[in-house]
Structure formats: C-alpha cells, structure tokens
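The next block holds one structure in the form of structure tokens; read it before the comments.
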Amino acid sequence: MAVCVAVIGKDNSPLYIGGTGNDTSTDNELSRQWLVHTALDALEERLASTNNTNLNSSANASRTELRDLYLGLLYSTDTHKIYGYVTNTRIKLVLVTSSTSPSGSNIRDAEVRTALRRLHALYADAICNPFHLPGDQITSTKFDKQVKSLIMNNV
Amino acid sequence: MRSSVSYILSHAPGESVMSHPDYAQHAQHHACLLVLVKGIGGVLKNFNKLWERIQRVNNIKVTDSSGQVRDIWVRYVRDYPVENNDWGDFQTHRRLLGLITLSKFANQIELNEVCRVHESLKVKYSNTLYDSRAFMFGPGSNLKKPEQEPETYSFYEDDKTKEKTSLSDRISLPSEAADSLSSCDSIGQSSSSTYSVQEENFTTPSNFKTHALFYGENDPVPDLEQHVAELINSLFWVVESKRLERSREKLEKVSLLLAPFEKRDFVGLDMESRNNKKRCMGRVTKNLADLTLQAGLVPEALSLYNSAGEILKSVNDWLWLGAAKEGHCVTSAIIQYPHLRNSTPLQRNASLQESSPNKTKPLSLYQPSSEPYRKFKLNFSPLKTSKTSSPINAPNELTPSSSESIETSSRQSETDNADTESLASSTDIEYQSQKSYLSPDLPSIPRQPTSIHTMYLLSGEEIAEKYRKATIHYSKYQNAGIIETEACFKAARIAVEQNNTLRASSFLQNVIFINLTLSEQEKIQRFDTLAELYKEIGFLRKAAFCQRLAATRQVSANNPNPDWPRCYHLMLHSFPGHKISLDPNYAVQHQVGWPALQIQLLHELVVAARRMGHPALATRHMTFLLQTMWPHLSRQEHRDLAIQLQALSAQCEGGPVPLVLETGEVIPPANLTHVPTCLYFNPRPLPPARTPHLIKSKSNQGPFIFTPIHFGSLERKTKKDEGKMEYLWVEDDICEVQMKLTNPLPFELKVSNMRLLTSGVVFESIPETIILPPDSPTTVNLHGTPKEVGELLILGYSTHTLGVKSNCRLKNMPMPHKFPSAFSIEVIPSLPKISIETTLTLSGNVNLSNPEISASVTNISLYNGESTECTIKITNTSNVAIEYLELLIQSNMDNQLQRKVFQWSNEEIQSQLPIKPNDVALIPITLYGEADFLDLGGENIFPNSLTSNYPSRVGSPVPNAQTSLPTQSSNQQNSLSSGLMVNRTSGSFRSSNSQTTSWSAPLSIMPPSRGRQIETQIILRYSGGAGKDMHCRQSTLQMNLELLPSVSITHWDVLPAEIPSQLYLVLDITNLTNEEMDFEYAPSKHILIEGKESCRVPVPLDRCPFTSTAVKIEDADSMEPKSISTGTSINSLEVMCSEHLTKNVDLKWHLLQSNINGRASVKGITLSQSMMDIVRMSPLNWEVSLNKQYIKPQEEYNCTAGECLFLGVAVSNHLKRPLHKLCLSVQFYQDYNNGVRNYKLDNRVATAGNNKVVLTTLSESAKAYHECTVVFLTPGEYKIDIQCSTTEPILDEVSVAKDLPSVQSCAEEISHTWRFIPPVAISVTD
C-alpha cells in the first residue's frame, strides 16, 4: 500500500507531497517528508550515473533512445520502500510504499511502474492548467483527489 | 541483499557476543598489528602530541630471514574492548598485540600505581598481548637519568640469553599459552634487572616487568619513534613466528578454531568426520591467511584466502566462508588501492619536524625482560641473525614518515603520492621476485605460487560482489551482526575508494537492517559513521538524516545520560544536507531546501541549544528560524515563534555579533528584518528652511527646463546611481530618514532603540522607540546628526525587538521591497540657523516665526498712501556666525511697485554682519501703500457729472480739433496708456519671476477704489562657517499686504490763477474710507471729508516752467521707461507737466478716528492740450490793453455801443530762441453759453486795423506790439479771442532746443496756437 506520493521540482523543491495515513498529524507529514527528502540523494546519484552512461553510449547509439523514466527502488528502510521516477523535464516523482503492511510488502515492480506512469499523467494534466506557474506548489484539489484515489486504488 | 535465511542458524545471544562494533575500521586494518596506546596515571600535558607521534609510526619495513623486506603496518587504538579480543581467532587483526602506556607520576606512590595499572592492562589482554612499552614521565627534569653503561646492556643480553634458553622448552606450547605464560614466568628475572637500573629516587614495584622508559615531563622524547618501531619490530617477529608455526602444522591434526559464540554449537558433533576435518582445515587456512596478511606477505595471503574460501564453501561453513571472502576482498583492495594505507600518515609529515632537531642523547632504560620475540628468536635460528641486525636496521628502514627521514620526506612532500605509488609497486615487484623463498619451508600448507596471485586478485567489481556475499553469509548468524556491520562499513569505504557511490550507499543501507542489541551510545556512533560515509559519497541529505537521527538518539528518553551538546553539534552539522546555510542572508536570498524539514530541524536545534545551557545560541537559532522561514510559516506560527523567541531572549538577549562555539564554528548573526517589516525607507531632504542652496545658481543651459533629448552624449546609457541622493545634508544638523513599518504579528510590538546604520562620515543616530499596533503601517522618522563633512552612506537601521537586536541592512532586505544597497548623501559643512521675528511699529503686530516653518505669515493692512515700519529680527540660533546675509523680496507686484512698497537699506544689513551665535540683527523695512489715487476708466463709482462745469473748458472756444480734446477723451487716452502699461509690466513681471507662476494675476497700479491683496515673500539668504562660499540657507517670510483704499481723485482740472505764474489744480477728492478724514491739500489748508463723501478742492500751484523741467523730464524719461512708449512729443510735454504737478502737489490725509496718516499724490495725472497750456508757463507773454488799460484776468470790461476801443496786444517771447512766422490774430465772437459761439459778427462789430498780423520773426526776449481799433455796434456780450499761432513746429520745442540747426519750415498748417486766456470779455451796453 502506497503511503505517500511526492512531486519534486527540478531544483529539488517540493511541489506536492500527498499521502494517506491513518492520521494526518503533522508528525506523519514530517516523517513522510524526511523519507522523500533523503531519497533525493539516491535519486540524483542515479540520474547522474545514467546520464554519464548515456553520454558515453551516445557516441554510437542514437540520441533518440530515451532514458527509462522509471528509476526503480531508490532505497528501503525497515518500514518503507521508496521508488523513483524522473520525467524528461527533471520533475521527480517519488512513491513510498509501506513494507510493513501486507499489501505493500509484496508489491510488484510493474505495479509501481504503472502507478508512477499514471501519476506522471496526472501531473501533466495538473500542469496544463494555464493559471499554474511551473515551479509553484501544486494546489489543485482535483490533482490531490486523483492522487489520493491512485494511492488507494492501485496499490 | 539480506538473505531470507537470516536467523536460521542464529542462536540466542551467547555469553561472549562481541558487542562493541568498531565503526572506524577500514579494510586495510586487516593487515595491521593492533597496538593499544593508553595514558595512565596523571594527565599528561603533551599526551596528544605524543599520541600523534606514535600514530605516525604506523609502517615499518623489516627484513625477514630470507632477506625480503616486509611492509608492516600498525593500527593504534586508544581503547579496545576485551570482548572483541575474543574474536582474534576468527580474524587475527582483532587481536591486541602490543601495549604502549604513557604515564605521568610525581612521586613513588604514583609511580607504583602507574606500574600497577600497566600490569593490570597486560593481564587484561593477556590472551593476545605480545609485548608492551611503558613511557613514564617523571616530575620535571630533576629526574636523574641512569647512566647508560654499555656493559650493563651487554649484561642484559647475556642475562636474557640465559633466561630465554631456560624458557626454550616451552616453545612447543600453543602460542597464546606461551604468551601468557612467558609474561607470568618472567616476573622473577625482570624484577631483579629492573632494580639495578632504576634511578635512586624512584623504584618500580617488584612485579613491574615491562620495558619502561623514563623521561622528564617536559622532555622532548626524541627516541619515541625509535622505541615504538622497536616494539613493532618485536611484534612482527612474534606474528611471523606464529605464521610459520601455523604454516607448518599438519592439516590433519589442526584443532578447530572457533568464533566465540560457536563454542556451544559443536558440542556433541562428530569432530572426526570428514566434513569436520575439512572445516578445521579451512578455518586454519583462513587463520593462516590472516597472519600472512598481517606479516606483510600480501600476495600470499590472497591465494590463501582463496583456497580457504574454497574449502569452507564445500562444508557450508558460512561464517568462516564469509570471513575468508572478506579477507580476500580486503587483500585485493590493499593491493589495488595502496594509498588507502598511506594517505593518513603522509599527510602529517610536516608537524613532525619540530621534534627531530632535538638530538638529545637517546635514553633507554632497557628492560628486555619478557619480550616474547626473544624466545622465538632463540628458537628459530634463521630469524636469529635477522633479529640481531634488526635493532640497527629498523630505524634505517623506517618509512619516510618516521623520524630518520624527515628531512627528505618533508622536502618531497609534494611528490608523496607519486612516491607512494612507486613504493607500492616496488614492493609488489619485490614480492614477485622473491616469491619462492617460503615454499621449501612450508610444504604442508597448500600454497599457490605468488606469480599467479593476480589470478586471485579481485577486480573492483568482484570485490564488491564478494563483499556482498560475505555480508550475506554473516547475516545468517545473529551473533555475527557486529562483524557484518563492520564488514558493511569496510565495504562501503572500499566502494567510496572505487568512486561507486551507489554501491557504497547500498552497503550503508544494509547497515540499517542489521539488528543489533547495542547501547544507545553505539547506536549513535553507528549513525554518526553512516552520516560520515554518506557525506563522503555526497549523499548529504542521507547524511543529514542520519545525523539528525543520531542527534535525537543522544537525547532520547532511552538514553540514560542525554548529551545535549553532542546533539546540538550533530544537528548543526546536518545543515548542509538540509540545504540550510548558517548565514541568514544567504538563506533568505536562496530559498532552497524543504521548508517543512528545515523548520523542524531548526526547532529541534533551538531546543538542543537551550537544553545545552547556551541561551545565546537558542536565541540566535530562533531568530534565524523566524527570519529565514518567515514566508513558509503561517500567521499562527509567526505568533507562536515570536512569543517563544521573546521567552528565549529573556534569558539571553540576541545581538548582531557572530557567536563562536568551542569547536571553533562561527554562528553568524541573524537579523530580524521581518519583524517589523519595512515597507518604505527613504532619507528626507532637510526642511525648506534648513535646505542648503547654492549661493550662485548654475547658469541654465538653455531655455528649456526639461529636455528628453541628450545630444551626442553617452550619459543616457549610464544609469544614475540609485542610492545617490540629490540633496545635501548639513553637518551638525538634524537629518531625517522616513520609514514605513508594519508589525506582522497579531500583538502589539515594541521596537526600541531604532537607529540608523551608516558608514562614511561620523553620524550620531538618535535612538527611537516605537510601539507598533498589529497590521497597520506606521510611519517612523529616524533622526541623526552627521558630525563630519563628506559622503554619508545609510546602510540600514537597527532594531531591538522581541529581545533581539538586529541590524537590518537594506541590501539584505527580503525581496518584495527593492531598496538600493545604500543611500549616499553628501554632507556639507555646517551652516548657521536663524529664527525670525517680525515687528510692525504701528499696529504692534508681533509675529514670532518658527524657523522650521518656511512661510510664517505676517498680515499687514495699509491704507493707500499710508506708510509703516516693519522690523525683521534675526536671531542666530546656531553656533556658526552668519557672515553673509541677503534680503530678497518676491511678490506678485512688478519690480517698480515693489520697490516703492518695500524700502530697506542694504548697507544697514551688511553693517550688522557678522552675526555671532545667539546675536540678534534687526532689519528695518518701510512699507508704503503705494497706489494710484486717480480714479480712471470705467470703474467710476461717482457720476461723471462734475466734469462739464469747469469754466475754462466750457468757455474755451474750439478753433481746431486738436486743441479741443474733451476731458472724456483725455481720460480715454489715459486709460489706454495705463492699459498698455499693465500689459507691458505684466510681461516684464513674468519674465523676471518665471518660477512663481502661482500668482493669479500680476498686480500693477490698479484703481484705488478697491482693496488689493499683495502676497509677498521676503527671502533671507544667509550663510556662514566653512561652507559659506558655496552654500547658503534660505528663510522665507510670507507677508500678506492688504492695501485699503483711502482717497481717490475722481476728476481734475486746471484753472489759471489770478497771477499768471500760478494756477489752480482742481481735484475731486473722494474719501473711500468709512471714517471722517481731514484732508490737507496745501500747507495750512484743510478740509474735512465725511466717509464715502467727495469734495472738490483747489490746489494752488506754480505753473510749470519749461526749460528747467525739460531737463528733469529727460532724467525722468531715462528712469521711467514707460514714458518712452507714449513716445510723441505731445506726451513728453504732458509727462513733463504731469511730473511737475505730481511733484508739487502734496496731499495729506488723516483719518481722525483711527489716527492714521497718509499721503496721496496725483501721479500719473493726464492733461489735455488746453490744460497743459494752463499748466505750463506760456512761452509768449501777453499784454492786452483796452484803451491803454491792461486787462486783468477774469475782469469784465464794460463799454457802450459805438464806443471806440483801442485794443493793444503786445507779445513778448520768453523762449530762449526766436520764434518765426508767428501769426497774431484777434477775433470777436459771442458766446451764447450753451456751447454755441457766434463768430459772424459782421454787422455788430467794426474793426479798424488788422485783426491778423504775421510776424516773421520774434527774437528772444523781444516784444511785438499790435494795435487795432474796434467799435461794437450793438450792445451785448462779446468776447475777444486773441491768439498767436505759428506754422513752425513748435511742438518739438524740446528737441529743437537740442538741435537748433535742423529748423525747417514745415507745411503751412498751424502747428501750435497760444491763446490769451481767459478771453477778454466785453459787455457792451447802450
């Protein structure tokens, strides 16, 4: 079961952090933020390394070859697993699953991948709002609702 | 990574579980000899220095029995848990092999205690300890050094040899037992030997049997390194012997080596099974590999590990398999990354130099009692030779880091790395060349030729993979948790070395999963190490996360002794990971990071700082939190934080100074710029009264005040300095900066001690305290006084609010309000200040003027013609003398009028200068109600009825159109000219006062019947002091002058007087006031006029002489340019006459009720031609006689009809030149007194003689006489019009007087006619 979903801008500033939980106390919110924040290190490193390999390989390989947006498991703690996804505009999508709950412990990689793809689509929809300034926090209630349902339904 | 079979083989925690993880372990430590360095007894001052020096001796080279140079590495620790020692069989590098104590003693008792502690330490580690050294520092230099006698030494050698031989039979014992036994057994001999060398003051206790070295406390200990190297050398030989021993063991007979917790596992197992045999063999091989690695034979170790791994894998001995794999990895890493070992010691070379020059004689209290190596030396003959050489060789063979080669090493410090590489490679080669030296000695152990060690050398990838496997193997045993943890750290460090951060992070991540029962302190240490490694691989966020966890652990409820300072420092060091900068300005300008986390961290930091007992830091961090996180906080949080800050600052006030922690970190000041928020900040120019002006204003470039076009200059591109102010401030004068502040907090905020922050010239700021209500912008003015001349920079302001002092600099202001980084204002030398008082003499109207207010208003009412005195009192209120004073008047009057209204003496002003401080100067100004008393034009309030009644006009005949200008027309002409004048003066008025266009309409001479308002500004420009040549101040005094109508002259006329030289000016005077007026129109001639009444007065005057006045008029002309415009000579004559009248008419009035005196004048009076003839002295003097009788004016002559009358007319020329072509004519007519004159008297009058005579020339002063006879035929009233006309242009009389030669007879028309006035009237009776 997904616990939290975060959208992080290209300058690593949080654009949206949403999640479900039994309680919505600030502690919960904070711990989520800690989780996602610490995932950024691994995420960036992953990005940098893939970029390097891309650069190296780009000599022979065609540039049209797209990098896989899904980065897979970033790291895991005793209680959570953190998955990453980076769009081509360097928007980072992070999904946190709980490894303690039965549904989250044996979640499949493909499920996370599709969930993150859908989140990407939702994000794109939210960004399409002409009144939204890219780089601002996403305050759309519709987005929030959709993300919540994504968390609940999918995983 | 973690195997799912974890815990399958795990057991309940055994009794001897290694419970103290050593997080500092590196991979290369597998190859090191472990030596404990401990300070005992009193605190040694230079312990740390000695510790560093010892640490530097971490690598020595020893030539072994076969002549091969071994690279021996040492790891020094300060503390080592005995439990870990128990794992020495599992991994030999965990054995503590050596002991060095550094101790201080002051007396015998302390010495005894020190010795006891040393011995007890030896006992503590007795299982593994091979050798020890005790460095003892006695009290000062008074410690006598025992003589070093060579024979003593040799004696020892002999003695030793003996004892060794006696012990030689024990060699066959297992090494551990031998160690322990030897230390026990050697008590006897060592004690005896110690006594003899112990110096006289102090003696070591009998049971002390260590190689002790004595120094004075402050001795430089030059041979420290040498002794340490010796110790290591001895340790090496023990290890080497062990290795050889192990290598010679028969594989079939080897005992099972056990990890501490395994002891119970093998109870009841079949020890003789093939499986078990193999297990034993594998473990022994692994143990041998460890020893080989420690003994410096790295390549051999590689192959041994490999074979051990293979053997152990076949028997599923996971734990030891893991150890073998780890050993394999470590060995590979040591070969591949040699600078892992070298980097640390080499960096410290520089500091070593200071100890080396002190070449004191080496002191050696040589106590070679129980060194185990000696026993081995005796037993192993091949080693013996090398041993004897080793004391000499060892120092020479020290690595560049040791004392012997300091000079060279420091010189080559730049190339150290290169050296290291070459060193490593050379050792490699060395090993390869001498690969086979061991093989004959070790037939029983399966060995691979070292030439193929590269076969087993793992690549970087393989190291990681193998390490991963090793940790998985470890993870199967719960009791090996610490081994696993350490392995993970070691693997991570190798990964860091490989620059593979993701791999490193995965190893580190694994650490989290290892479930260990650790003390709180060790958990913290674990997080700390994790954080450090994360930091190393650039995972700052992770590092920060771990540091924060460590910090919270420090003070968690589980922790029995919370350590707030540690907590604080950990938190502080996690700042970079959270992207918080300690500098609030940076943090404000670069809003990076995750605010929610930053706020949380800062909150915790504040708590930690407070609990740590450092309120200043707590205040500082709270201020920082409030300042940097302001935009991310809600209003409620603002309020709460502000209240918290207030509470914190109550303990320790926050100030704008950097705080320095004990660790040397500097916490920069945090300034609250949000509380209160500054919306507007602008320096103000000085108030107008104190504004400095340039004394000489710059010449205007052109007629345009503003032009957007800048021709041919680049100036438009260079933007003006934003903060540069155009106005000036004055030294020693209070200046002002206006701010608008808002209190964003929901409660009342007191801001005290607000000052300006300046740089440049000295500035004295006046503190201000304000109380700001919530959420309403308040304007605050900050004041200060510049104390020097020059450029003043205003950088910002300082506040003291919520208990925090802040320096709010403009450049650091939060974004929404853009301020320049500083305001720059030029300060000029101080100028004087004045206060002005005006006093009116008559009405006593005192007006105290405040110098701050630019226009203090004085209101004065004056009747037209009244004059009064006004005194301006100037008091110098400054400390600077006034040396320059100028008075200017600006008004809505034209200059001439103004000059008449305001009269003052500039000389009088200048004579009072300089005005010293607090002195007073008086400037008298005379005010005069200048007005035109002649009431002209359409504004007549009084009916014009009086006009036609003048006898002269009524009675005068109209011979030609020019002469007979009616009064009305003269009035019109006059009004025309006055109108012209208005226009012209208005023009000049505007050009001279172009800047003051606010005046509605220029006032000129206006009809006196209405009151007039005159707005006047008296401008005082004054200066003094150093800047008096450049700048001055300007005070303006507003004076509103009301001119009230007093009298007006509505009509006037002239009448000839009884005497030809005199005339009467008849004036209709109207009293325009409401009071009764005593009007004096001639000396001693008074008339009383009621209010609003008018009356007619005759003013007797002398007639206007022409020659003399002509000159005057010339002057007047040049003075008054307005008469030029009327240009014709008629007018010049008229002006001359008018001037004459104005000058001679002295009209005075006196208001009886209010006792006001005034004057009136007939200035500007206009005269018609006929009036002028009366006013002027006639150029021809008439003498008319009837029957030889002279006719007097106004006299009526009677005769009877038919009577013959002789009319004699004599004309004399009074001009100073001859007159030409005069035509003297006599005409009779009858005046019907109704405007009709009858000139046709053909049948009524008969004349004999010419009635018209032409005189060609009448020279000056000549007299012409003409006579004729007349007879009146019928009775009636007759009149005789006697006139003399000339065709000469006599009108140009004035100019003719100037240029006589140009006399030219112009046209035949009559240019002028003189009449005999009044005409002779004759009444003829029957």
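The values are calculated or read from the model by the stated rules, or taken from the named source; none is laboratory data. Quick caveat: nothing in here was measured; it's all calculated off a predicted structure. A quick note on method: Cβ atoms are made from the backbone with ideal geometry, for glycine too, and the neighbour counts reach across all protein chains shown.
Condition check ((1) touching a Lys or Arg at 6+ places or on another chain (Cβ under 7 Å); (2) assigned to a helix (DSSP H, G or I); (3) surrounded by fewer than 22 Cβ atoms within 10 Å (Cβ to Cβ); (4) small (Gly, Ala, Ser)) across all residues:
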position: B:GLU532; (1), (2), (3), (4): no, yes, yes, no
position: B:GLY538; (1), (2), (3), (4): no, no, yes, yes
position: B:ARG541; (1), (2), (3), (4): no, yes, no, no
position: B:ARG548; (1), (2), (3), (4): no, yes, no, no
position: B:ALA551; (1), (2), (3), (4): no, yes, no, yes
position: B:ALA557; (1), (2), (3), (4): no, no, yes, yes
position: B:PRO560; (1), (2), (3), (4): no, no, yes, no
position: B:HIS569; (1), (2), (3), (4): no, yes, yes, no
position: B:ASN585; (1), (2), (3), (4): no, yes, yes, no
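Among the residues of region B:891-903, those that are at pLDDT below 80 and not in a helix (DSSP H, G or I) comprise B:SER891, B:ASN892, B:MET893, B:ASP894. The residues on offer are B:GLU245, B:GLU230, and the sole one that is in contact (Cβ under 8 Å) with a residue 60 or more places away in the chain, touching a helix residue (DSSP H, G or I) at 6+ places or on another chain (Cβ under 8 Å), over 18 Å from B:ALA289 (Cβ atoms) and among the charged types (D, E, K, R) is B:GLU230.
Does B:PRO914 meet the test of being without any contact (Cβ under 8 Å) to a residue 60 or more places away in the chain and either aromatic (Phe, Trp, Tyr) or under 26 Å from B:SER1023 (Cα atoms) (or both)?
Against the criterion (without any contact (Cβ under 8 Å) to a residue 60 or more places away in the chain and either aromatic (Phe, Trp, Tyr) or under 26 Å from B:SER1023 (Cα atoms) (or both)), B:PRO914 does not qualify.
Counting just the residues of region A:47-79 that are at the interface with another protein chain (Cβ under 10 Å from one of its Cβ atoms) and within 21 Å of B:GLY577 (Cα to Cα), which one comes out modelled with the lowest pLDDT? This residue is A:SER49.
Residues B:PRO1002, B:PRO1056, B:PRO1060, B:PRO1007: which one is modelled with pLDDT under 75, in contact with a helix residue (DSSP H, G or I) (Cβ under 7 Å, 6 or more places away or on another chain), over 28 Å from B:GLN896 (Cβ atoms) and not charged (D, E, K, R)? Don't jump to the end; show me each part of the working.
Values: B:PRO1002 fails: over 28 Å from B:GLN896 (Cβ atoms); B:PRO1060 fails: in contact with a helix residue (DSSP H, G or I) (Cβ under 7 Å, 6 or more places away or on another chain); B:PRO1007 fails: over 28 Å from B:GLN896 (Cβ atoms).
None of the other options fit; the residue is B:PRO1056.
Only one entry of B:SER843, B:SER835 meets the criterion of being modelled with pLDDT of 80 or more and of a type in the set (Ser, Thr, Tyr), and that entry is B:SER835. Contact map, region A:1-16: residues that are surrounded by fewer than 22 Cβ atoms within 10 Å (Cβ to Cβ) paired with residues that are assigned to a loop (DSSP other than H, G, I, E, B) and of a type in the set (Lys, Arg), Cβ distance under 7 Å, separation 6+ or inter-chain. Pairs shown: A:LYS10/A:ARG90.
Screening B:GLN600 with (1) out of contact with any helix residue (DSSP H, G or I) (no Cβ under 9 Å at 6 or more places or on another chain); (2) surrounded by fewer than 24 Cβ atoms within 10 Å (Cβ to Cβ) gives one miss only, at (1). Criterion applied to B:GLN91, B:GLN28 was being polar (S, T, N, Q), within 26 Å of B:SER241 (Cβ to Cβ) and in contact with a His (Cβ under 9 Å, 6 or more places away or on another chain), and the one residue passing it is B:GLN91. Filtering region A:29-46 to residues that are polar (S, T, N, Q) and within 7 Å of chain B (Cβ to nearest Cβ) leaves A:GLN33, A:THR38.
In the condition set (1) touching a Gly at 6+ places or on another chain (Cβ under 7 Å); (2) not in a helix (DSSP H, G or I), B:LEU518 is compliant with all but (1).
Evaluate region B:1228-1248: report whether one residue or more is at pLDDT below 80, out of contact with any helix residue (DSSP H, G or I) (no Cβ under 9 Å at 6 or more places or on another chain), farther than 30 Å from B:LEU1067 by Cα and surrounded by fewer than 18 Cβ atoms within 10 Å (Cβ to Cβ). Scanning region B:1228-1248 turns up at least one residue that is at pLDDT below 80, out of contact with any helix residue (DSSP H, G or I) (no Cβ under 9 Å at 6 or more places or on another chain), farther than 30 Å from B:LEU1067 by Cα and surrounded by fewer than 18 Cβ atoms within 10 Å (Cβ to Cβ). Residues that are in contact (Cβ under 8 Å) with a residue 24 or more places away in the chain and either touching a His at 6+ places or on another chain (Cβ under 6 Å) or more than 12 Å from chain A (Cβ to nearest Cβ) (or both) within region B:531-546 comprise B:LEU533, B:GLU536, B:ARG541, B:ALA544, listed in sequence order. Being in contact (Cβ under 8 Å) with a residue 12 or more places away in the chain, within 14 Å of chain A (Cβ to nearest Cβ) and in contact with a helix residue (DSSP H, G or I) (Cβ under 9 Å, 6 or more places away or on another chain) is a property that B:LEU570 lacks.
I'd like to check something: does region B:103-124 contain any residue that is within 16 Å of B:CYS32 (Cβ to Cβ) and at pLDDT 80 or above? Looking through region B:103-124, none of the residues is within 16 Å of B:CYS32 (Cβ to Cβ) and at pLDDT 80 or above. If you go through region B:498-507 one residue at a time, do you hit one that is part of a helix (DSSP H, G or I), more than 14 Å from chain A (Cβ to nearest Cβ) and either touching a Pro at 6+ places or on another chain (Cβ under 9 Å) or of a type in the set (Phe, Trp, Tyr) (or both)? No, there is no match, as no residue in region B:498-507 is part of a helix (DSSP H, G or I), more than 14 Å from chain A (Cβ to nearest Cβ) and either touching a Pro at 6+ places or on another chain (Cβ under 9 Å) or of a type in the set (Phe, Trp, Tyr) (or both).
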